[in-house]
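S.K.: I am attaching a structure below and will ask some questions about it afterwards.
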Amino acid sequence: MIPLAALEGVIDASGIAPLIEAMLPAGVRARQLSVRTLLAGMCLTQADGRPAHLTRVHHALITLPGDDQARLGVLADWKNGLHLLTYRQTEYTFGLVARALAKDEPDGLPSPDLQAACDQLLEASVPAEFKDASASLAVDWTDLETFSRPPPRGTRDCADPEASWGHRRNNLLRSQDELFYGYYFSAGTMEREENGAEVPELARRMTVCSCRHDPARALVPVLTAMPEQGIPLGDILGDSGYAHRDAAAWAVPLRAAGAQLVQDLHPHDRGPRGTHEGAVVSNGNLYCPQTPRRLLELGPLARTTTKDQAADHDRKTAELARYKLGRLTSDDEDGYHRVQCPAATGKIRCPLRPSSMLLDRDRPEILQPPEHPQACCTQQTITVPPDVNAKTRQKHDYPSAAWRRSYARRTGAERGFSTAKDPASNTIARGWCRLMGLAPLMLFATTLLVVRNQRIIAAWNARQEENTRRAARGLPPKTRKRRRKPLTALAAGPP
């Protein structure tokens, strides 16, 4: 159970309660339920594993100890005596907040005020000692169904007009994806730096958008606003659903904000995709035109790959790296940079570069150079414009061992959503929230992530204390072992 004081501390640190209060209209008499108390009740509801219903928020507030009720205004002194907060008052205050943060003309995207309020509340849930622990974020999206029934075929009339039809992946063998009616729920989870110490996987940013909008495009302005708020961007870990977007929709704005991409390429974007000045464009890099085709068509390892197969794959990707054109300069103000032939940099032997033929024979050798060499073979350097590999260029060569180790951190985003969709606690399946519209859903989704962050921090601190006690006794840190028994072993056992 998360203490009320911890949740109040997050709300106060965010500073959103007085800002929202200033946006609400003034009534004839003062409201008994303040925005601060409402947010505390919403967090308490999620902390107890209750659905995101206003009846549950009201019940969480009126069941607090008497001192807390008086302090938060749940129990107020009226002219006729003490008055306990009613459900109507809870519904009224929440309606004012939702209308104040929503757009005048809803379009399925959050308003700037709503997004800013959720960003501040979620950022306040990250303790000060972890704010600079890592700049890497693992991003992903999931489905968030609305409680409204879809409109009848051929119409748009339903209780939640902002919602729309979307696709989600299921774990059933009969189908890879299925339709749902609602919203896309995106989040960025903090992950450790490459070769860095472990950090708690805290949700740093989130957003919700209608399924009629692209979730990747909806998340980009949320991430690119972080440097302006004093939070630098590091590695952005995303799957092929993000990498397959147009460069202007995902990769270009994130690079302009200072981020480095570590992402899985879509099958349609892998392998050779044309040439530039004679060099082969493949997997986000430029390669020698005589690079073996079998190396250019290497893909990522399968889950069932053995150690020997992984070692052979790493040997091939290391050989492929020798054919890559070497980068000489960083991007200038317009995004241009210069690269050089791999033979000129001493990585391969080529007759077109006589000096490279004096290198050791342990390097790959071009036996049949092009009959009509192009600029990449005849010039000392070539200029690469920003539109070349703008979509697929990333931090590590794809699909090398360095890329595989770095990309393995992305599973933190899936773990974050697995806790948010756990039926044993807070499951965001249909019926979790019965309020209509994007603003109510996004507010409750934010409080859910705030509560999840508090749970992660509590578990992290408990684990660190346990490791400290074990170190004092001369024991190594406790590790979690994954024990798996094959079906054959279970079948051979006694009944």
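S.K.: So, in the range 294-318, of the ones that are within 16 Å of P272 (Cβ to Cβ) and not in a loop (DSSP other than H, G, I, E, B), which residue ends up most open to solvent (accessible area, probe 1.4 Å)?
M.R.: Ranking the candidates gives R294 first.
S.K.: Filter the range 88-137 for residues that are more than 28 Å from I457 (Cβ to Cβ), open to solvent by less than 20 Å² (accessible area, probe 1.4 Å) and hydroxyl-bearing (S, T, Y) and give the result.
M.R.: T90, T93, S111
S.K.: From (1) farther than 24 Å from H167 by Cα; (2) crowded, with 16+ Cβ neighbours inside 10 Å, pick out the condition that doesn't hold for L237.
M.R.: (1)
S.K.: Output the residue which, of all residues in the range 364-378 that are in a loop (DSSP other than H, G, I, E, B) and in contact with a Cys (Cβ under 8 Å, 6 or more places away or on another chain), is farthest from A344 (Cα to Cα).
M.R.: P370
S.K.: Limited to the range 283-302, what total is found for residues that are over 15 Å from Q340 (Cβ atoms) and more than 26 Å from the chain's Cα centre (by Cα)?
M.R.: The total comes to 9.
S.K.: Next up: Condition first: more than 16 Å from the chain's Cα centre (by Cα), in a helix (DSSP H, G or I) and acidic (D, E). Now tell me which residues in the range 117-147 satisfy that.
M.R.: E129
S.K.: Ok, one more. Between A310, A279, A318, which is in contact with a Cys (Cβ under 9 Å, 6 or more places away or on another chain) and of a type outside the set (D, E, K, R)?
M.R.: A279
S.K.: Right, something else. Which one is modelled with the lowest pLDDT, of the residues in the range 72-81 that are open to solvent by 30 Å² or more (accessible area, probe 1.4 Å) and in contact with a helix residue (DSSP H, G or I) (Cβ under 9 Å, 6 or more places away or on another chain)?
M.R.: D77
S.K.: Considering only the range 138-160, state which residues are of a type in the set (A, V, I, L, M) and either crowded, with 20+ Cβ neighbours inside 10 Å or under 20 Å from R217 (Cα atoms) (or both).
M.R.: Across the range 138-160, the qualifying residues are A138, V139, L144.
S.K.: Also: Considering only residues that are closer than 25 Å to F185 by Cα and of a type in the set (D, E), look in the range 380-428 and name the one that is modelled with the lowest pLDDT.
M.R.: D422
S.K.: Here is a list: R455, R415, R463, R409. Which entry is more than 28 Å from D107 (Cα to Cα), part of a helix (DSSP H, G or I) and without any contact (Cβ under 8 Å) to a residue 60 or more places away in the chain?
M.R.: The conditions single out R463.
Rundown of residues vs (1) open to solvent by less than 10 Å² (accessible area, probe 1.4 Å); (2) more than 18 Å from the chain's Cα centre (by Cα); (3) not β-branched (V, I, T), yes/no style:
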{"position": "A375", "(1), (2), (3)": "no, yes, yes"}
{"position": "T383", "(1), (2), (3)": "no, yes, no"}
{"position": "P386", "(1), (2), (3)": "no, yes, yes"}
{"position": "S425", "(1), (2), (3)": "no, yes, yes"}
{"position": "V451", "(1), (2), (3)": "yes, no, no"}
{"position": "R455", "(1), (2), (3)": "no, yes, yes"}
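S.K.: State which residue is surrounded by the most Cβ atoms within 10 Å (Cβ to Cβ) when the search covers only the range 319-363 and only residues that are in a loop (DSSP other than H, G, I, E, B) and among the aliphatic types (A, V, I, L, M).
M.R.: A343
S.K.: Continuing with the same structure: Got a sec? Which of L223, L254, L261 is among the aliphatic types (A, V, I, L, M), within 16 Å of A390 (Cα to Cα) and in a helix (DSSP H, G or I)?
M.R.: L254
S.K.: What pairs come out if I take residues in the range 113-124 that are of a type in the set (D, E, K, R) and pair them with residues that are assigned to a helix (DSSP H, G or I) and surrounded by fewer than 18 Cβ atoms within 10 Å (Cβ to Cβ) whose C-beta lies under 8 Å away, six or more apart or interchain?
M.R.: What qualifies is D113/M23; D119/Q229; E123/Q229.
S.K.: Next up: Kindly check whether there is at least one residue in the range 49-70 that is buried (at least 19 other Cβ atoms within 10 Å of the Cβ), within 24 Å of R205 (Cβ to Cβ) and among the hydrophobic types (A, V, I, L, M, F, W, C).
M.R.: Yes, the conditions are met somewhere in the range 49-70.
S.K.: Please find, within the range 264-289, the residue that is nearest to L328 (Cα to Cα) out of those that are open to solvent by 20 Å² or more (accessible area, probe 1.4 Å) and part of a loop (DSSP other than H, G, I, E, B).
M.R.: Only one residue tops the list, namely E277.
S.K.: Restricting to the range 28-48, name every residue that is surrounded by fewer than 20 Cβ atoms within 10 Å (Cβ to Cβ) and touching a helix residue (DSSP H, G or I) at 6+ places or on another chain (Cβ under 9 Å).
M.R.: Matches in the range 28-48: R31, Q32, S34, R36, D48.
S.K.: Which of the residues belonging to the range 178-213 are within 30 Å of Q260 (Cβ to Cβ) and open to solvent by 30 Å² or more (accessible area, probe 1.4 Å)?
M.R.: Of everything in the range 178-213, those that are within 30 Å of Q260 (Cβ to Cβ) and open to solvent by 30 Å² or more (accessible area, probe 1.4 Å) turn out to be R192, E193, E194, N195, G196, A197, E198, E201, H213.
The values are calculated or read from the model by the stated rules, or taken from the named source; none is laboratory data. The structure presented is a predicted model; accordingly, all values stated were derived computationally and were not measured. Positions of Cβ are generated from backbone atoms using ideal geometry, with glycine treated the same way; all protein chains shown enter the neighbour counts. The area values use the complete protein model at the heavy-atom level, side chains included, leaving out ligands, DNA and RNA. Shrake-Rupley method; radii C 1.70, N 1.55, O 1.52, S 1.80 Å.
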